[in-house]
1. Percent of accessible area on the stretch 349-404 owned by carbon and sulfur, 1.4 Å probe?
2. Sorted by mean Cβ packing within 10 Å, highest first, what order do the peptides 24-37, 410-423, 434-447 take?
3. Give 109/445; 236/534; 524/548 a once-over and call out the pairs whose C-alpha atoms are over 23 Å from each other.
4. Rounded to whole Å, give me the distance from the Cα center of the stretch 129-208 to that of the stretch 64-93.
5. Residues of the stretch 414-439 with amide nitrogen under 18 Å from the 7 Å Cα-to-Cβ point of residue 83?
6. Dipole magnitude of the stretch 324-394 about its Cα centre, charges +1 at Lys/Arg Cβ and -1 at Asp/Glu Cβ only, in debye to the nearest 20?
7. Using a probe of 1.4 angstrom, how much of the accessible area of the stretch 129-171 is carbon and sulfur, in percent?
8. Pulled fully out, how much extra length does the chain show between residue 366 and residue 482, if you take 0.36 nm times their separation in residues and subtract their Cα-Cα distance?
Amino acid sequence: MTLTPTAQARQWLDDWNQALRSDQPARAADLFEDNGFWRDLVAFTWNLKTAEGSDQLRAMIDATVASTAPSDWALDGEATETDGVIEAWITFATRLGHGEGHLRLRDGKAWTLLTTLKELRDYPEPRGANRPKGARHGVFKDRRSWLEERQAEQAELGYSRQPYCVIIGGGQGGIGLAARLRQLNVPTIVVEKNPRPGDSWRNRYKSLCLHDPVWYDHLPYLPFPDNWPVFSPKDKIGDWLEMYTRIMEINYWGSSECTGARYDEQAGEWRVTVRRDGDTVTLRPKQLVLATGMSGMPNVPDIPGMDSFEGEQHHSSQHPGGEGYAGKRCVVLGANNSAHDICAALWEHGADVTMVQRSSTHVIKSATLMDLVLGPLYSEEAVANGVTTERADLTFASMPYRVMPEFHIPVYRQVAERDADFYQRLRDAGFMLDFGEDGSGLFMKYLRRGSGYYIDVGACDLVANGDIKLRSGVGIEQINPRSVTLTDGSELPADLIVYATGFGSMNGWAARIISQEVADKVGKCWGMGSGTTKDPGPWEGELRNMWKPTAQQGLWFHGGNLHQSRFYSRFLALQLKARMEGLETPVYGRQDVHHLA
């Protein structure tokens, strides 16, 4: 008699549990396919680590099971089967916490296993039945109101009392992580050079909106309300972040700049120098998190003649918007998200705009992205089908990076077929298109290099019909007082040059704030070693340095889009909390450094 999917998943879990509890736990690797995958997020490895194939599986099991002491493996709901693949949600316990995960079986063996640490057993978040009372019932002569307690904390932390963690960068990443640390009672200060939370969004060009939909972008604990727009305008996001910072009681030092940091090996803590309110303050946290965004310092090309230009020139991160450029001749160097948005806004305000495209760009229409790529997990339909944000995030995380392209390639073939006329119009205009080097599309390009794509919200029509002029396959060779000379020898008159040329690796901030020595020690951030453009090998299996221990004691990197910041901030927060409480956190599989930047 054929067992049901649930019975097969339960049998596998029972076999897995017995093998792990045996005197030869590494034999549990035999329960996987020869090329199976186990992705662990902190639960076993105190790292973000994917084991690929039998040898790596055996090594990871052998190194982690004794210290983790896993138990109580169980299914969470009924398993399902589609095209011969059984999928099941699972729960388990470890010596220190509770976990959850996902299992895929093919022909009785595990194809993929995801394990994640959900919470630390002795340090749960104060939610549900554990929520704080809020009021202090009784009669007390020393009573202080909530406001007085909050004001006292803000006055003391960083002065008479040191934070355990300092987060440099108060954008959505730093704010979301600080909210999680607050719930775990980890004293934390966020240092941000802008005056108010959300200013990093408010200060961008006027037309900026999120290109990801609302269901993909919730912050921890407080999802956007049901009437929030699908694509959030930048100023609305800025206001939400400011409100969120206040409600989540985050210790946020606005108008403050970190001018330097060094690690004191003997004391086991950082010396972080901050310029705040005209004074210099030295903070001494045990942990330092750089949450300066997925990208590092702005990439501004060094082009001969820049100093001679008599017009206006700036990086896209400094672009104010299209106002003020009516009738001006504008050259935008670049052809990705920011370049398209800026070109479109300049055209709307009556500028004469030329986009200079140096290399090919992946383009996908926003509606198509919503329908074919994100819709099954992040959409109104997904919500109606019972797919919560938490379950969507875990589903996305359950697919190892090695095999992710196999799932994306056929989807992007559908994208190309659906919008074939759209793509042909762009090609006819001379625009250089790609779908990634292996045809895997937007998200793989984002994970590998963090650049090279545009989610179309209208600018492509302007390019296709010539309203935005295009010069492709060339760069800027020389800048003249009132023009630019392209690498093909042609010349474009220019009153404004915008360098939409992206950003460097996040470890550029480590070099600036700490030292080049430390930046080189931790190495390149982002990318997986796919061997594609801007993501050199060898294969590493997880994003370099993100949300996990680095080669520098006490230094962490946090960033990515809103979805990644929300999901991975949980695992970073749990790692920091465990260290604060003195728990054993043996790190397995720390990545070697292969690239400096």
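The values are calculated or read from the model by the stated rules, or taken from the named source; none is laboratory data. Since the model is a prediction, treat every value here as computed from it, not as a measurement. Cβ placement follows ideal geometry from the backbone for every residue including glycine, while neighbour counts extend to all protein chains displayed. In case anyone asks, the SASA skips ligands and DNA or RNA and just uses the protein heavy atoms, side chains included. Shrake-Rupley method; radii C 1.70, N 1.55, O 1.52, S 1.80 Å.
1. That fraction is 52 percent.
2. Averaged packing, sorted descending, gives the order 434-447, 24-37, 410-423.
3. Over 23 Å apart, Cα to Cα: 109/445; 236/534.
4. 36 Å
5. In the stretch 414-439, the label zone of residue 83 (backbone N under 18 Å from the point 7 Å along Cα→Cβ) covers 414-418, 439.
6. 440 debye
7. C and S atoms contribute 53 percent here.
8. Length gained between residue 366 and residue 482: 38.1 nm.
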